[in-house]
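The values are calculated or read from the model by the stated rules, or taken from the named source; none is laboratory data. Computed from a predicted model, the values in this text were never measured in an experiment. Cβ coordinates were reconstructed from backbone atoms using ideal geometry, including for glycine residues, and neighbour counts include every protein chain displayed.
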Amino acid sequence: MDSFDINKFLGVLLGTCIVLLVTHFIAQAIFAPVMPAKPGFKIDVKEEPAAAGKDAKPAASDKEAKPASVESLGKRLQNASAEKGAEIAKKCAACHTFEKGGPNRVGPNLYGIVGEPRGHGRGFNFSAAMKAKGGTWTLDELDKFLANPKEYIPGTAMSFAGVPKDSERTDIIAYLRKNSDKP
């Protein structure tokens, strides 16, 4: 390789670097990014004050005020329709039955579920998360669960997304309450 070939190679290399550098400067002038004053995204999270400990006493206003969901459920139940609830519950019929002595499907039979223990009995193999939650199915518990099952009982096997409309949930709860030996 003689010196002329080396000069051609270096000329091409230098020319390429100059073209890339000029292209970079032009692109920066055309597409100048606008940097925000405060980097990042604002995420609104409702923060609840931490209790001062197990011995912390609730304020007087806390004792008098009931949780909003309990009050609103009670008010909603006054106007609820078990007939509408039966219609809405038809979308649950793919996995559940509602008649007395009905078979279990993908989910348990829901006849007389209100006031029953959660995650036990009914001849159904409940998920570990449902068994661990324990307690009984009160009207308020059903309301919270039906709103978003996966959020209320993380790890539940129920793949249903939930019923976001309060009125529909209340109608379903009225239907479940009526659908019992002791409504």
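Counting residues in the range 139-154 that are aromatic (Phe, Trp, Tyr), touching a residue at least 12 places away in the same chain (Cβ under 8 Å) and within 27 Å of residue 74 (Cβ to Cβ) gives zero.
Going through the range 136-175 one residue at a time, which ones are of a type in the set (Asp, Glu) and under 19 Å from the mean Cα position of the chain (by Cα)? Passing the criteria: 140, 141, 143, 151, 166, 168. Only one entry of 162, 112 meets the criterion of being in a loop (DSSP other than H, G, I, E, B) and either out of contact with any helix residue (DSSP H, G or I) (no Cβ under 8 Å at 6 or more places or on another chain) or not small (Gly, Ala, Ser) (or both), and that entry is 112. It is to be established whether one or more residues within the range 115-138 are touching a residue at least 40 places away in the same chain (Cβ under 8 Å) and among the aliphatic types (A, V, I, L, M). The answer is no, given that none of the residues of the range 115-138 is touching a residue at least 40 places away in the same chain (Cβ under 8 Å) and among the aliphatic types (A, V, I, L, M).
Within the range 108-119, which residues are crowded, with 18+ Cβ neighbours inside 10 Å and touching a Phe, Trp or Tyr at 6+ places or on another chain (Cβ under 9 Å)? Passing the criteria: 108, 109, 110, 111, 113, 114, 118, 119. Here residue 134 passes the criteria (1) of a type outside the set (A, V, I, L, M); (2) touching a Lys or Arg at 6+ places or on another chain (Cβ under 7 Å); (3) under 21 Å from residue 79 (Cα atoms) except the one numbered (3). Listed by position, the helices (runs of 4 or more DSSP H) contained in the range 4-90 that have at least 2 residues being at pLDDT below 80 are 60-64, 68-78.
When we screen 97, 136 for residues that are among the polar types (S, T, N, Q) and crowded, with 16+ Cβ neighbours inside 10 Å, the only hit is 97.
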